[in-house]
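Read the figures in this text as sums done on the coordinates, not as results from a lab. Predicted model only: the values in this text are computed from it and were never measured. When we count neighbours, we look across all protein chains shown, and the Cβ atoms used for this are built from the backbone with ideal geometry, even at glycine.
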Amino acid sequence: MRIPVIALFCLSLLSVASRADDLPLQDNAPARYTVVKGDTLWGISAKFLKDPWQWPQIWGMNKAEIKNPHWIYPGNIIVLNMHDGVPQLTLETPNENSNDLVTVKLSPTVHSEALNRSGVLPIPADMLRSFENQALVLDKDGLANSPKIIEFEDTHIVVGTGDEVYATSDHSHTTHWKIVRAGQAIIDPVSKEILGYSADYMGEARTVTPGNPQRIAIVSSISEVQDKDRLVPAEDDYTFRYIPHAPDAIINGRVISALGVMTEAGRYNSIMINKGARDGLEKGDVLAIYRAPRQKDGLKIPPSRSALCMIYRVFNKVSYALIMDSTYPVSALDVVRNP
């Protein structure tokens, strides 16, 4: 059976409309935008898109480009145009041989710059520093072979910033350490499975005199350091070079806890959720948060969307996420799903 030309034309229009509807633009989306110092990928995306996590789609990025993107820098010009009825962003850069601008597509490349010389980050730079102090999530015996503090000088019971102490060695070449303390088991609020064990951050230290024992200097501390606290290598790679995007996997989880606040969390607070690498999560994944189901006057109130969060640290069974936008406070047991 032959399909009339007019029917094919109508079907093509419907297809274009459907693809355009998948990328809803802000009502006042600019035709051009010049990136300035202090911009974030999330903030720039929100200037163009109602759903900022759709940043990869409007750039036409594939998975490799999401994981290893060409970075955007202050002074770059982002141009919004339509291609077959679908919105697209392109990046204009000066032509080396003239004063003209040329349009380029974001494509994978490798950067190895320090944080203060990096391109536009996904979230505000002043938020990044606090992530270094988040607790680790380890297996039950994850600290068993880690160096431990064994002796203070001058018979001190506790020590802190500026003090020097002795610790055992793991016979590695590590000289920059995090000081951690074994914490509590992390329990899945739904299945009651033990998801890991926390290792609470106490501070930073550097090796002064190698050996076994080694002499270390405590360069910073957020709490009193105690005998038997452990040392783990400090991570220096906090580049946060990823693109906010929707997860590939289907996620249906819960908030375990809000970090650094008493009960409820809001924008730019961190939360821990009961999904991790084994569930398909990765850094940059964006999830919607829904208020936990509740009863009112004998009736079951369905979940209502309260916030968006972005995954920034992933362990096997749990992840840390930053709340990017919120309508209502986020609490333990709230539901996290694909946006």
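Per-residue Cβ neighbour counts within 10 Å put ILE72, ILE186 in the sequence ILE72, ILE186, beginning with the fewest.
The loop-placed trypsin sites (Lys or Arg not before Pro) in the range 173-234, going by DSSP, that have at most 12 neighbouring Cβ atoms within 10 Å of their Cβ come out as LYS192, LYS228.
Every pair of different Cα atoms in the range 252-337 enters the Kirkwood calculation, which places the hydrodynamic radius at 12.7 Å. In this structure, the amide hydrogen of ILE222, modeled 1.01 Å from its nitrogen in the peptide plane, lies closer than 5 angstrom to those of GLY203, counting only residues at least 5 positions away or on a different chain.
Across all Cα atoms of the range 157-207, the radius of gyration (one decimal) and Dmax (whole number) stand at 15.3, 44 Å.
Taking amide hydrogens as placed 1.01 Å from N in the peptide plane, the amide H of VAL120 sits under 5 Å from those of ILE72, TYR73, each at least 5 positions away in sequence or on another chain. FRET efficiency for the LYS67 to MET262 pair, using the beta carbon distance and R₀ = 51 Å, is estimated at 0.90.
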